[in-house]
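Notes for the one structure printed next.
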Amino acid sequence: MNYRLPTINDYEILKDYVEEHYSNHERSISASLGMTNMKYEDWVNKVNRNSEKPDDEWGRYYLYLAFDEDKLIGLLNIRFDLTDNLKELYGDIGYGVRPSERRKGYATKMLEYALDVCRRKQMTEAILGCYENNYGSNKTIIKNGGILYRTSYDELKLSDEWTIKLKSNYYKIKL
């Protein structure tokens, strides 16, 4: 898979991505940070700016388009500069896969990549959340070492909150 920040030229592929969600009766686009609630050009500028410079709401983050060859598979949001309050509410990582590409292992690959980014940012753990009945996401988190630490109510839905301990890429070798 390939990951990159969005550009102005991605308008058509993101429009197609959103329309697929809408045609699947999904009105919320996971990991998009408000893409459908603002002018596209403003959203692209904000996402690119916030990868370099923090804002008051989300700090610094990466919002990557995740591709398999030339096809946009999903969105991956890595929020590595959150306040403790926002970390508890939203978690460090968010991802979404287009409906036609679910159950193919893409979410697992996206989360693995996000965890590697978090390790490079010297994070020691990542917090993730998803609705309790989102069995696919729960399975993805568990496959990547997630441990359930809390279930809470969020907008009349039960939300599971997970933590993943991030181990160093360095190994001790006994001689």
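The values are calculated or read from the model by the stated rules, or taken from the named source; none is laboratory data. Model, not experiment: these values are computed from the prediction. Heads up, the Cβs are rebuilt from the backbone with ideal geometry, glycines too, and the neighbour counts pull from every protein chain shown. Keep in mind that these areas ignore ligands, DNA and RNA; they rest on the heavy atoms of the full protein, side chains included. Shrake-Rupley method; radii C 1.70, N 1.55, O 1.52, S 1.80 Å.
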Quiz item: Working out 0.36 nm times the residue gap between residue 10 and residue 153, then minus their Cα-Cα distance, what length gain in nm do you get to one decimal?
Solution: 47.9 nm
Quiz prompt | Above-threshold pairs, the threshold being 26 Å between Cα atoms, out of 87/143; 87/157; 15/165; 15/87 | solution = 15/165; 15/87
Quiz item: Does the range 1-111 come out rounded, prolate or oblate, given a ≥ b ≥ c as the square roots of the eigenvalues of its C-alpha gyration tensor, rounded meaning a/c under 1.5 and, failing that, prolate meaning a/b above b/c?
Solution: prolate
Quiz item: Which value in deg cm²/dmol, rounded to the nearest 500, describes the helix-derived mean residue ellipticity at 222 nm for the chain, given -39,500 (n - 2.57) per DSSP H run of n ≥ 4 and division by the residue count?
Solution: -9500 deg cm²/dmol
Practice problem: On the protein heavy atoms, probe 1.4 angstrom, tell me the percent of accessible surface of the chain carried by carbon and sulfur. | Solution: 48 percent
Practice problem: Could you please state, rounded to a whole Å, how far the C-alpha centre of the range 10-32 is from the C-alpha centre of the range 99-145? | Solution: 20 Å
Practice problem: Leaving out ligands and nucleic acids, note down the accessible area per residue over the chain with a 1.4 angstrom probe, in whole Å². | Solution: 62 Å²
Quiz item: Sorted by packing (mean other beta-carbon atoms within 10 Å per residue), highest first, where do 64-73, 36-45 land?
Solution: 64-73, 36-45
Quiz item: According to the square roots a ≥ b ≥ c of the eigenvalues of the Cα gyration tensor, what is the shape class of the range 36-80, taking rounded for a/c under 1.5, prolate for a/b larger than b/c otherwise, and oblate for the remainder?
Solution: oblate
Practice problem: Step through the residues of the range 57-74 one at a time and calculate ³J(HN,Hα) from phi using the Karplus curve (6.51 cos²θ - 1.76 cosθ + 1.60, θ = phi - 60°), rounding each to whole Hz and writing x for Gly and Pro. | Solution: 7, 10, x, 8, 7, 10, 10, 9, 8, 9, 10, 10, 6, 9, 9, 6, 8, x
